[in-house]
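Okay, structure first, notes after.
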Amino acid sequence: MKSPLQTIAPDVIMHPLKQPKPESAELSPEMKLVREALFKHVGKPIPRKEDGRLITGKGRFSDDFSLPGQTYAAIVRSPYPHARILGIDKSEALASEGVLLVLTGEDILADDIKPIPHNPVPSTNFDMKLRAKDGSHAFTGPHYLLPSDKARHVGEAVAIVVAETAAQAADGAEKVVIDWEELPYVTDTAKAAAPGAPTIWDEVPDNVFIDTTFGDKEGTDAAFARADHVVKAEFHIQRVTGVTMEPRSSLGSYDPETGRYTLYAGSGGAVRQKNELSKVLGIEPKDLRVLSFDVGGNFGTRNRVYVEFGLVLWASAKIGRPVKYTATRSESFLTDYQGRDLVTKVELAIRKDGKFLAMRADNLSNVGGRAVSLSPLSKGSGLITGSYDIPYATLRARAVFSNTMCTQAYRSSGRPEVTYAIERLVELAADQLGFDKLELRRMNLIPPSAMPYTNAVGSVYDSGEYEKNMDRALELSGWATFDARKAEAATRGKLLGRGFANYVESSIGTPKERAEIEIKDDGNIEVVIGTQPSGQGHETSFAQVVADMIQVPVEKVWIVLGDTDIVSVGGGSHSGRSMRHAGTVMAMASAGLLAEGRKRAAELLGSTADRIDFEGGVFKLRNSNRTIDIFELGRRTRESHGPLRVVKDNEMHTPVFPNGAAVCEVEIDRDTGHVQIVRYTTIDDVGRCINPLIVHGQTHGGIAQGVGQAMWELCAIDQNSGQPLAGSFMDYGLPRSDTMPSFKCEIAEVISPTNPLGIKAGGEGGTTPALATVVNAVVDALSEFGVKDIQMPVTPANVWRAMNSGRKAS
Amino acid sequence: MYATTYHKPKTLSEAVSLYENSEEPSYLSGGHTLIPTLKSRLAAPQHLIDVRAIPELSGIEVTADKVIIGSATKHAVVAASREIKAAIPALSGLAGSIGDVQVRHMGTIGGSTANNDPAADYPAAVLALDAVVHTDRRAIPAGDYFQGLYTTALEPGEILARVEFKIPEIAGYAKFRNPASRYSMAAAFVARHRDGHIRVAITGAGNEGVFRWTEAEERLTENLSAEALEGLTIDPSLMMGDMHAPADYRAHLVAVMTRRAVQNLGGTHIL
């Protein structure tokens, strides 16, 4: 029997996929049209429309914008991990040349500037419900633009200095004198949750502000009691940061005549920025316009509001001039929202024949100085059992404050962490119990016949052919001919190793999206949408959907985004939601537009809408030679009926579960511990693929980001001072073109039943299994040294240490 | 960056005069150490004197027994020189292994040698190839030139003009790069000179910067082969240690890279 979802605050989830009904019942007439539409452009590898603009320097990134009379801000940051602010003396800074304004946490309180309403606890019906230990809503730590009590991490903004030039602002910032009282600090995840750790917030003396247990405890305990084997492990999926190519930047201005604020700031979605920043400033959302055009990398780091965005708006109103702030690379390393940092203890109960019976997990997420987002903990919680049929599971999910920068959803939020735990655990189980590691996986995989499948913590996987993915990945990777390659590598003093991992992830995301489509007189189609690309190619893939529906060339479709005066509703781009949400609502809006077009064409051609056909962008009166082109129709009926334009809202709550498998082959230099990835193969079931060229590109980037974490990346902190050690590219290692092999990637399209286009999500699947796949390969290569596990990143020094000790390196 | 005044003199004497008559001056070449330092506000010279436009600081000359490289010569130029590649392929390969393409088109041999960064490549070649460092006022043998981390025999205002390398009978360079910065984490330059003597210079690893590993030299004098180095180790207490490589790992890498330099005489081995 499947265990029911049991939480402290239970919500009964009536999952749509669990109540099957005839397909047609869900489809509006418009959606029928979508289903019937010829997929002419969809599925084709059309080159990206935006590339020409971007590679010729015509992108519009945040720092490219300047306004007349603009001033510049510099931020004074805490040099300590934990310190009370006893007083701030602005006088010397204010006397510094060119300085116009200095603001501190005291001014925030005096002006009644509100904390950023992050709402860190995910709240859709399909998110795991995270609560405080006593079941109450958790205290998450108010996030004021500047604190007035104390700094809770190195780099926390404590004052803003505005001056005529950027250099004068930097000079002024050095002259702000702060009287600090250093406090005991804790940065390590496990230590922050240990008894006696320094308290970050008085409201939560033990720092653990989320403590929720999910799953069927009784059933799990019983299964463990009757199990033949129990295998245990503990992993730390270490802290990393996004390292976006474009540092975050913001330009705020205030118009006293209209009382309106304007913010130029690249983000993951301008509408969220508008809504939350207007609350910070205590103004109506309509009085804040946010513009976000080209964005140079996001990966989750830009989804939430940064304090500097609010600070430039507030400061611009105070001095009556625009204020710009652009982070240096050092500031980005210190204070971009960071990712991962999960300590997980896992146990697997296994029957003699290898069948998985139950699982226990204890996950501890380090959120930093305050909670900005619990998405990683929540997303991961729903997927602890991975791609396997494990009937019972219990999960304790905790989140802890520490004296570090805040963490946020980062490239496939929460899923690489739990995928790492289950895929490493299965590998350890196979090794300890003498099973073949592939066969052990295979016998426990969820079969297609079990779909939709409810896992032991209540997530409903929509569709997927997991074993087929596994077989195809193994075949593509040349798994069967590995031994010959290993023997050859040995002749060169190299240790060859291979790693495999399955994965399943979830894509939920903000449920609402709106599309506006208008036929313009100049022969173009304009589409307004509320997602925010940062390199994903929306201008192309979105245009493909609309071009298909309206049956016009893709070049005629233009996507408009990023200006909240035009884009009124929009969930932004995160959680792999964009193509699924935007694609669906655009298809629906296109269908609505054609319905309106038929009506108008009928009037013009003196008939009724049911006698009008539409083909190749032309309306035609059936059984006649009377036709009208859609653009001509728009022009001819503009005066009488207004622009040929449709606005469509759509809400979709049901999550989808992209899935797949990855194989990695590494070559390790026996003398030095140097690791080179020589082969990397993936299969990704993304549901319907709109543009395989773009999906492959996204997958490649996703792989590099996951491999980067496994191999090099680490936000290291000196335990003796609390100081971050990786403050520049000198110490933060990233993947490079010459450290990556040429990837072999294939897309599997198992159409999702949850949305009309059948889309799941792409890109993040590159990241999700990568950590486990690489580490499995490295451990395999080192097997002759008795190595069973190794801490990420698998730097040469860590590998060398592991080879020498034959046990877990640190 | 703090405000500073930029100068670009056309002659050596003009550069020296500017230096002597300025408050808090600093010479600037490719800027790969100095500019990031300035941008981080960790240094505040009031005058930057760019030496790259001084003609006598540029150029390459290869004679029967010497390779002479002007101090403002960029790494990319050294790496692309056919004459240097024919005379000392290991030196050519070393230059081509520094940083990335952009770095090699800005960074200069003079900047690398004058700064004596413990992770820089050139100091290993200067020391192993028994070079002479020529300045605007004197000639300094390599053995006297390097004086510890970021410290050289250069006096305030003295300009490094050119480096004169002895062409060895054969030489090899092996480097293990820091996975983040790509600077050397341990690198060995091994040369057998025409008079038969061996020099082994180690960069990236020692806590005093570049140094000669005399024990390795002695063994290789007997027998110039990797086998001759079997069992030879170096004391970890002489090594730097950091988050990328603790001292014991660096000591291990020094031994491995020295063996690999010997195995790759006549070229380079870059990991």
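The values are calculated or read from the model by the stated rules, or taken from the named source; none is laboratory data. This structure is a prediction, so every number in the text was calculated from the model and none was measured. Every residue, glycine among them, receives a Cβ derived from its backbone with ideal geometry; neighbour counts consider all protein chains shown.
Odds and ends about this structure:
- Residue match in region A:547-566 (condition: of a type outside the set (Phe, Trp, Tyr), within 18 Å of A:ASN755 (Cβ to Cβ), over 26 Å from the mean Cα position of the chain (by Cα) and part of a helix (DSSP H, G or I)): yes
- Single condition B:TRP213 does not satisfy, out of (1) within 13 Å of chain A (Cβ to nearest Cβ); (2) surrounded by 16 or more Cβ atoms within 10 Å (Cβ to Cβ); (3) among the hydrophobic types (A, V, I, L, M, F, W, C); (4) more than 21 Å from B:PRO89 (Cβ to Cβ): (1)
- B:LEU160 in contact with a Pro (Cβ under 7 Å, 6 or more places away or on another chain), buried (at least 18 other Cβ atoms within 10 Å of the Cβ) and among the aliphatic types (A, V, I, L, M): no
- Residues satisfying the criterion are present in region A:58-72 (criterion: closer than 18 Å to A:ALA170 by Cα and in a helix (DSSP H, G or I)).
- Failed item, numbered, when A:ARG635 is tested on (1) in a helix (DSSP H, G or I); (2) modelled with pLDDT under 95; (3) surrounded by 15 or more Cβ atoms within 10 Å (Cβ to Cβ): (2)
- Which numbered condition A:VAL585 fails, given (1) touching a residue at least 40 places away in the same chain (Cβ under 8 Å); (2) of a type outside the set (Gly, Ala, Ser); (3) out of contact with any strand residue (DSSP E or B) (no Cβ under 7 Å at 6 or more places or on another chain): (3)
- Sole residue being farther than 27 Å from A:ARG415 by Cβ, crowded, with 18+ Cβ neighbours inside 10 Å and of a type in the set (Gly, Ala, Ser), chosen from A:ALA192, A:ALA197: A:ALA197
- Residues that are in a loop (DSSP other than H, G, I, E, B) and among the basic types (Lys, Arg), drawn from region A:710-760: A:ARG736, A:LYS760
- In this entry, A:ARG485 is excluded by the filter for residues that are touching a Cys at 6+ places or on another chain (Cβ under 9 Å), among the basic types (Lys, Arg) and either surrounded by fewer than 22 Cβ atoms within 10 Å (Cβ to Cβ) or in contact (Cβ under 8 Å) with a residue 40 or more places away in the chain (or both).
- Residue in region A:272-303 that is surrounded by the most Cβ atoms within 10 Å (Cβ to Cβ), counting only those that are on the phi > 0 side of the Ramachandran plot and of a type in the set (Gly, Ala, Ser): A:GLY300
- When restricted to residues that are part of a helix (DSSP H, G or I), aliphatic (A, V, I, L, M) and out of contact with any helix residue (DSSP H, G or I) (no Cβ under 6 Å at 6 or more places or on another chain), region B:77-102 contains 6.
- In region A:493-528, of all residues being of a type in the set (Gly, Ala, Ser) and within 27 Å of the chain's Cα centre (by Cα), the one that is nearest to A:ILE677 (Cα to Cα) corresponds to A:GLY499.
- Of everything listed in (1) closer than 22 Å to A:VAL567 by Cα; (2) in a loop (DSSP other than H, G, I, E, B); (3) not charged (D, E, K, R), the single unmet condition for A:THR654 is (1).
- Meets criteria (more than 30 Å from A:GLY98 (Cβ to Cβ), among the polar types (S, T, N, Q) and part of a helix (DSSP H, G or I)) for A:SER378: yes
- The residues listed here are B:SER92, B:SER71; of these, the one that is closer than 19 Å to B:ASP130 by Cβ and in contact with a Leu (Cβ under 6 Å, 6 or more places away or on another chain) is B:SER71.
Yes/no matrix, rows are residues, columns are (1) over 28 Å from A:PRO724 (Cα atoms); (2) among the small types (Gly, Ala, Ser); (3) touching a residue at least 24 places away in the same chain (Cβ under 8 Å):
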site: A:ALA227; (1), (2), (3): yes, yes, yes
site: A:HIS236; (1), (2), (3): no, no, yes
site: A:ARG239; (1), (2), (3): no, no, yes
site: A:TYR254; (1), (2), (3): yes, no, yes
site: A:LEU263; (1), (2), (3): yes, no, yes
site: A:GLY266; (1), (2), (3): no, yes, yes
site: A:GLY269; (1), (2), (3): yes, yes, yes
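- Among the residues of region A:568-591, just one is over 21 Å from A:ILE690 (Cα atoms) and either of a type in the set (Ser, Thr, Tyr) or outside any loop (DSSP other than H, G, I, E, B) (or both), namely A:SER568.
- Those strands (runs of 3 or more DSSP E) of region B:110-194 in which 3 or more residues are within 18 Å of B:THR33 (Cβ to Cβ) occupy B:184-192.
- The listed residue being hydrophobic (A, V, I, L, M, F, W, C), away from chain B (no Cβ under 14 Å) and within 25 Å of the chain's Cα centre (by Cα), out of A:LEU757, A:LEU734, A:LEU782: A:LEU757
Rundown of residues vs (1) touching a helix residue (DSSP H, G or I) at 6+ places or on another chain (Cβ under 8 Å); (2) buried (at least 20 other Cβ atoms within 10 Å of the Cβ), yes/no style:
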residue	(1), (2)
B:LEU12	yes, no
B:ILE68	no, no
B:HIS75	yes, yes
B:HIS105	yes, no
B:THR108	yes, yes
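- Conditions (1) more than 14 Å from chain A (Cβ to nearest Cβ); (2) surrounded by fewer than 19 Cβ atoms within 10 Å (Cβ to Cβ); (3) outside any helix (DSSP H, G or I): number failed by B:ARG52: (2)
- Complete set of residues in region A:762-807 that are over 22 Å from A:PHE657 (Cβ atoms), touching a Pro at 6+ places or on another chain (Cβ under 9 Å) and part of a loop (DSSP other than H, G, I, E, B): A:PRO793, A:THR795
- Listed by first and then second residue, the pairs with beta-carbon distance under 6 Å, at least 6 apart or on different chains, first residue in region A:161-187 and closer than 17 Å to A:LEU86 by Cα, second at pLDDT 95 or above and among the small types (Gly, Ala, Ser), are A:LYS175/A:ALA93; A:LYS175/A:SER96; A:VAL176/A:ALA93; A:VAL176/A:ALA159; A:ASP179/A:GLY87; A:TRP180/A:ALA83; A:GLU182/A:ALA83; A:LEU183/A:ALA83.
- Exactly one residue among B:LEU253, B:LEU238, B:LEU265 is crowded, with 18+ Cβ neighbours inside 10 Å, within 20 Å of the chain's Cα centre (by Cα) and either more than 14 Å from chain A (Cβ to nearest Cβ) or within 24 Å of B:ALA79 (Cα to Cα) (or both), and that residue is B:LEU265.
- In summary, A:VAL787 fulfils each of the numbered conditions (1) away from chain B (no Cβ under 14 Å); (2) modelled with pLDDT of 95 or more; (3) more than 21 Å from the chain's Cα centre (by Cα); (4) closer than 30 Å to A:GLY297 by Cα with the single exception of condition (4).
- Boolean, A:LYS274 is modelled with pLDDT of 95 or more and under 22 Å from A:SER578 (Cβ atoms): yes
- Residue list for region A:684-713, restricted to those being within 14 Å of chain B (Cβ to nearest Cβ) and buried (at least 24 other Cβ atoms within 10 Å of the Cβ): A:VAL707, A:GLY708, A:GLN709, A:ALA710, A:MET711, A:GLU713
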